[in-house]
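K.L.:
What follows is a single structure, and I will ask about it in a moment.
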Amino acid sequence: MSERTATVTRETGETTIECTLAVDGTGTADVETGIGFFDHMLAALAKHGLFDLAVECDGDLEIDDHHTVEDVAIVLGTALSDALGDRTGIVRYADRRVPLDEAVASAVVDVSGRPRFYFDGAFSQDQIGEFTSDMARHFGESLAMNAGLTLHLSVETGENAHHEVEALFKALARALDDATRFDERREGAPSTKGTLSE
């Protein structure tokens, strides 16, 4: 079995990013995006998904956080897709609900190769430090589109946006960990079509 790792770089007029992802990791993270709360969320994604993740991003934060968060999600999604390859033998489906104090969030994922994204809920405050709360939703969308995921994210309840977003990232991490694991009973792709890449 080959190592499920990938390194992806992206350079535009808005961001310069390098991302390395190991799907079968131990939860280590080395991230620097210039947005403290976003770094915290990426570290949580790695820790609770048991991914090893390195992200370095130089973005146009003098404008706002949009391009940095969006482009990191694009690069991370591409790295996840590359690392999974043809997705042979994976569990494929997973769902997780995660609480953080008063907040509860959920993630339902199909590592299908067919990108779709749905979001339900709202965030209690517009900003968390330098991070715009709605960028958590947009991160999920950009990740799904570039990783080939069908992804449903929901903020079910909460009073504090920090808790709501953190619960959302942790639910996503746990669902991705579950869905990308190998099922030792399975031969080939978990699809009646015989493939998840077409």
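K.L.:
Test R114 against the criterion of being without any contact (Cβ under 8 Å) to a residue 40 or more places away in the chain and either in a loop (DSSP other than H, G, I, E, B) or more than 17 Å from the chain's Cα centre (by Cα) (or both), and give yes or no.
P.N.:
yes
K.L.:
Can you work out which of the residues in segment 35-47 that are more than 11 Å from the chain's Cα centre (by Cα) and closer than 16 Å to G140 by Cβ is surrounded by the fewest Cβ atoms within 10 Å (Cβ to Cβ)?
P.N.:
F37
K.L.:
Can you name every residue in segment 138-157 that is assigned to a helix (DSSP H, G or I) and of a type outside the set (D, E, K, R)?
P.N.:
If the condition is that a residue be assigned to a helix (DSSP H, G or I) and of a type outside the set (D, E, K, R), then H138, F139, G140, S142, L143, A144, M145, N146, A147 are the ones that fit.
K.L.:
If I ask for residues that are hydrophobic (A, V, I, L, M, F, W, C), surrounded by fewer than 20 Cβ atoms within 10 Å (Cβ to Cβ) and out of contact with any His (no Cβ under 7 Å at 6 or more places or on another chain), which ones from segment 83-119 would you list?
P.N.:
Across segment 83-119, the qualifying residues are V91, A94, F117, F119.
K.L.:
Please indicate, with yes or no, whether at least one residue in segment 124-137 is among the acidic types (D, E), in a helix (DSSP H, G or I) and under 20 Å from H66 (Cβ atoms).
P.N.:
no
K.L.:
Would you mention how many residues in segment 55-82 are surrounded by fewer than 23 Cβ atoms within 10 Å (Cβ to Cβ), outside any helix (DSSP H, G or I) and touching a strand residue (DSSP E or B) at 6+ places or on another chain (Cβ under 6 Å)?
P.N.:
3
K.L.:
Next up: For residues that are touching a Lys or Arg at 6+ places or on another chain (Cβ under 9 Å) and in contact (Cβ under 8 Å) with a residue 60 or more places away in the chain, scanning just segment 120-148, find the one that is surrounded by the fewest Cβ atoms within 10 Å (Cβ to Cβ).
P.N.:
The residue in question is M145.
A short reminder: the numbers here are calculations on the coordinates, not readings from a lab. Not measured: the values here are computed from a predicted model. Please note: Cβ atoms are built from the backbone with ideal geometry, for glycine as well, and neighbour counts cover all protein chains shown.
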